[in-house]
Amino acid sequence: MKPKNRYFCIGCQRPKMLFESKSKADNFLKFNKDNFDRVPKRSYFCSFCGGWHISSISNIAAILAAKEKDEKAWQSLTGELPKPAPDKNSVEYRESKERYTTLKSLYSQILILITACDYDSAKRLLRKARILYRELLQHNLSCCINDDRLPDVVSGFEKMGSFLQVLTEFQNMPDATDDALATLFKDHQSGFCRKAIKNLKSKISFTHIISELNKSETATECNQLIMQAESVIKSGFTGGGCSSLRKWAKSLLNETCQHLHLSHTDRPTLAHPSIPTSN
């Protein structure tokens, strides 16, 4: 059953249901969706009516267009921008703040995963972050919350996605020339990017050393390769994900030595920490 609380909205230029709070509007949505031809999907704050409406529009581009239209209508009537939704102590603002904090936490986690060369996990979290961002943007639009930090966050995630794509390409072409790598990474020269690239190069180099170790035929060759591997473990990794990389590398080296029937006492002592590099 549709409620009778319908008022003429100046912004929409037609009657709209009006609720005194977001919680009441959302509660109505929860239990009355089946009573509409066009199912309402969200609630939003209306500056014209001073309360909350419900809408079937969920597309972000359409929401932005409607918001811009409302702002122009408000300005034409008052000469000012629309007044914002309830103050920053409201439930809506707290929810926005919590979602933003979660978004920033995901950003930090992805940075660590990238420096740890765990690109699959980083991509999964990046997809999660993009979904959360869209939800946060839609929430802020509905509640008339203006957060100037969001454009920078979006830009950061987009750059991160682009860098992940480049790292994946490099991972699949480890024998690339220096000129090819310079072209590949020309737009990714920050300190963080350089650390992540260095770690990937060291990981590729370490994997190559382990491959050669498995094929070694003499004790001298075996000892030289083990020293190279331990040199990479000691000095080849940097940044937030270096501990995970070192743990991975040590485990792989130990497994290989066990396969070759080498105990720790048989392994040479690291004397010259020269780090082999890939081309």
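The values are calculated or read from the model by the stated rules, or taken from the named source; none is laboratory data. These numbers come from a predicted model, not from an experiment. Cβ coordinates were reconstructed from backbone atoms using ideal geometry, including for glycine residues, and neighbour counts include every protein chain displayed. Heavy atoms of the whole protein, side chains included, go into the accessibility calculation; ligands, DNA and RNA do not. Shrake-Rupley method; radii C 1.70, N 1.55, O 1.52, S 1.80 Å.
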| Considering only helices (runs of 4 or more DSSP H) fully contained in region 111-193, which possess at least 1 residues that are of a type outside the set (Lys, Arg) and under 30 Å from Gly50 (Cβ atoms)? | 119-142, 150-171
| query | So, of the residues in region 110-157 that are acidic (Asp, Glu), touching a helix residue (DSSP H, G or I) at 6+ places or on another chain (Cβ under 8 Å) and at pLDDT below 90, which turns out to be surrounded by the most Cβ atoms within 10 Å (Cβ to Cβ)? | reply | Asp147
| query | What number of residues within region 228-241 satisfy the criterion of being crowded, with 19+ Cβ neighbours inside 10 Å and either of a type outside the set (D, E, K, R) or at positive phi (or both)? | reply | 9
| message | Would you confirm, using the coordinates I've provided, whether Ser231 is in contact with a Gly (Cβ under 9 Å, 6 or more places away or on another chain) and part of a helix (DSSP H, G or I)? | response | no
| task | Name every residue in region 80-109 that is modelled with pLDDT under 80 and either in contact with a Leu (Cβ under 6 Å, 6 or more places away or on another chain) or open to solvent by less than 60 Å² (accessible area, probe 1.4 Å) (or both), in order of residue number. | result | Pro82, Ala85, Pro86, Ser90, Glu92
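Identify, please: which residue in region 252-270 is modelled with pLDDT under 80 and of a type in the set (D, E, K, R) and is, among those, most open to solvent (accessible area, probe 1.4 Å)? Give the steps one after another, and end with the answer.
Pass one, region 252-270, residues modelled with pLDDT under 80: 261-270.
So of that shortlist, the ones also of a type in the set (D, E, K, R) come out as 266-267.
Details: Asp266: 86, Arg267: 34 Å².
Looking at residues that are modelled with pLDDT under 80 and of a type in the set (D, E, K, R), I get Asp266.
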| task | May I ask you to verify whether Lys72 is over 28 Å from Val153 (Cβ atoms), modelled with pLDDT under 80, of a type in the set (Lys, Arg) and in a helix (DSSP H, G or I)? | result | no
